[in-house]
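Visitor: Here it is, the structure, as structure tokens.
FYI, it's all coordinate maths here, none of it is from the lab. On a predicted model such as this, the values are computed, not experimentally measured, just so you know. A quick note on method: Cβ atoms are made from the backbone with ideal geometry, for glycine too, and the neighbour counts reach across all protein chains shown.
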Ligand SMILES: [Zn+2]
């Protein structure tokens with residue numbers, strides 16, 4: 001059985017502005033979509049759900065949105081449009097829960113509201129059914145056993161310009177989205193407004209690729225620590241950034257750290273959004289990488305294996321929404337590593353889809369399926385180009401063989417060099433085979449001299465019900481042959497050079513370059 005919204009929405013289809021109060025059939029508080037003044041119609045985005053084929057070009061514009069608050073700072077609460085959103089809220093339908101405080105280490109100054117948990121504070125009690133009768137219960141799992149509700153927080157993953165760029169940017173979007181596209185997978189994405197404003201082209205790709213776009217605040221504070229005005233501002237600017245970039249207005253949100261109570265829920269609900277949590281957590285955010293911690297990737301691996309084992313042993317009684325991130329190289333790497341394995345066991349659909357949600361936006365011309373296509377296209381084509389910079393036109397081979405490439409190595413199987421696959425041979429697994437490009441040669445070379453290479457790839461178009469056609473594309477690309485460092489380990493390979501196993505570094509020998517070398521642990 002699928003759960004569907006018990007709220008009946010009556011909203012006119014108005015592209016530019018959507019501001020419809022709702023009538024509810026279940027006693028929930030009315031909702032509205034904020035008004036977003038002075039928005040231009042975005043270009044380069046679909047205006048209804050796109051079933052594919054998808055654009056898997058490797059480069060995107062990095063042009064930011066203009067007219068938004070400073071990214072990653074607390075947005076101002078006194079602008080006219082935030083005040084308008086604030087004044088649209090019925091504050092008699094917002095519980096008077098305390099504005100909470102955290103210690104410098106992130107722990108709570110007061111950990112509990114008492115045994116009755118009057119505000120359904122998730123961080124204290126894992127409460128997911130609001131005490132306020134006019135709020136719907138949180139969505140946090142997939143009701144059907146065997147369903148895996150895919151979701152990623154903290155995106156879209158922006159490109160770095162600082163010293164982290166060399167290691168992080170091979171994983172920045174559209175890498176994960178391209179990987180998902182070529183694996184017939186869609187995700188519910190919880191976007192940080194600042195990331196959308198900095199990298200709207202990635203948000204467009206997210207929408208165009210058939211993912212659900214939801215809100216995850218502007219600057220990522222624990223929301224119960226924020227005043228009412230601050231919460232409104234965090235939501236408003238994120239909603240507006242997504243609207244400005246993609247043209248859609250999200251009806252779903254996830255609080256950073258899951259930190260939500262009925263005060264936060266009520267503000268979100270009245271601004272048009274329902275709370276989406278999870279029933280299992282990868283803790284992937286805590287792996288070593290920018291914004292992360294010190295958790296060994298092996299521990300995260302063990303969680304994934306545990307969920308697979310639990311299903312296979314018959315212990316599962318329902319499906320799962322397992323929290324994952326597109327936060328940094330480590331989380332994207334982990335997600336790409338496990339997705340094919342999860343797909344072998346579970347029915348992988350977006351977190352919203354496994355809950356029967358087909359219309360995640362106020363723009364009702366978007367209607368999403370609740371299942372993946374039964375007979376997906378065997379391969380996907382590049383449907384749009386962002387040429388200028390190097391563009392890779394390789395398409396994923398749908399069933400890469402895994403004959404010689406070690407699982408857990410940088411390339412996950414033989415393929416075409418796209419999205420974690422080796423390019424052509426086992427030796428290519430030494431390359432940084434991500435994002436549509438293999439960045440290294442199969443053998444060490446002496447210098448870092450730029451070399452022009454011609455790469456030829458075959459794209460197969462196979463839409464259901466149509467004749468299969470083939471075309472061959474020749475792409476000229478500039479490949480920097482990496483300079484080998486200590487020993488024979490190649491810069492740009494999985495291990496960047498001999499080192500201590502930190503991200504991108506081999507553990508002790510060049511042989512370790514075949515390892516994932518994630519965080520501080522090597523898999524061998
Ligand atoms: Zn987050």
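Visitor: Among 162-169, 233-240, how do they line up from the highest to the lowest mean number of other beta-carbon atoms within 10 Å?
Guide: 233-240, 162-169
Visitor: Arrange 65, 339, 176 by Cβ neighbour counts within 10 Å, fewest through most, would you?
Guide: 65, 339, 176
Visitor: I need the shape label for segment 178-247. Rule: rounded when a/c is under 1.5, else prolate if a/b > b/c, else oblate, with a, b, c from the alpha carbon gyration tensor.
Guide: prolate
Visitor: If you don't mind, another one. How long is the gain from residue 159 to residue 317 if the chain were fully straight, where each residue apart is worth 0.36 nm and the alpha carbon distance is subtracted?
Guide: 52.9 nm
Visitor: Pairs of alpha-carbon atoms within less than 8 angstrom and 6+ residues apart define the contacts here; what relative contact order does segment 171-219 have, in percent?
Guide: Here the relative contact order equals 47 percent.
Visitor: Further question on the same structure: Within 10 Å of each residue's Cβ, count the other Cβ atoms and sort 182, 59, 161 from fewest upward.
Guide: Final ranking by Cβ density, sparse to dense: 161, 59, 182.
Visitor: Which FRET efficiency, nearest 0.05, do residue 83 and residue 39 yield, Cβ-Cβ r, R0 25 Å?
Guide: 0.90
Visitor: While we're looking at this one, here's another question. May I ask you to derive the relative contact order of segment 280-350, considering only C-alpha pairs under 8 Å and at least 6 residues apart, and to give it as an integer percent?
Guide: 38
Visitor: Now, a different point. Quick one: grab the alpha carbon gyration tensor of segment 257-341, order the square roots of its eigenvalues as a ≥ b ≥ c, and give me rounded if a/c is under 1.5, else prolate or oblate depending on whether a/b is larger than b/c.
Guide: Note, shape of segment 257-341 comes out oblate.
Visitor: Turning to a different aspect of this structure: Relative contact order of segment 143-239: what whole-number percent is it, with Cα pairs under 8 angstrom and at least 6 residues apart?
Guide: Here the relative contact order equals 29 percent.
Visitor: Separate question: Would you please put 214-221, 32-39 in order of how densely packed they are, using the mean number of other Cβ atoms within 10 angstrom per residue and starting with the highest?
Guide: The packing order, highest mean first, is 214-221, 32-39.
Visitor: When ranked by the protection proxy of mean other Cβ atoms within 10 Å per residue, highest first, what sequence do the peptides 153-160, 117-124, 98-105 form?
Guide: So the order, starting with the most tightly packed, is 153-160, 117-124, 98-105.
Visitor: If you don't mind, another one. Please report the spacing between the Cα centers of segment 145-208 and segment 22-99 in Å, no decimals.
Guide: 18
Visitor: So how do 271, 336, 287 line up by other beta-carbon neighbours within 10 Å, fewest first?
Guide: 336, 271, 287
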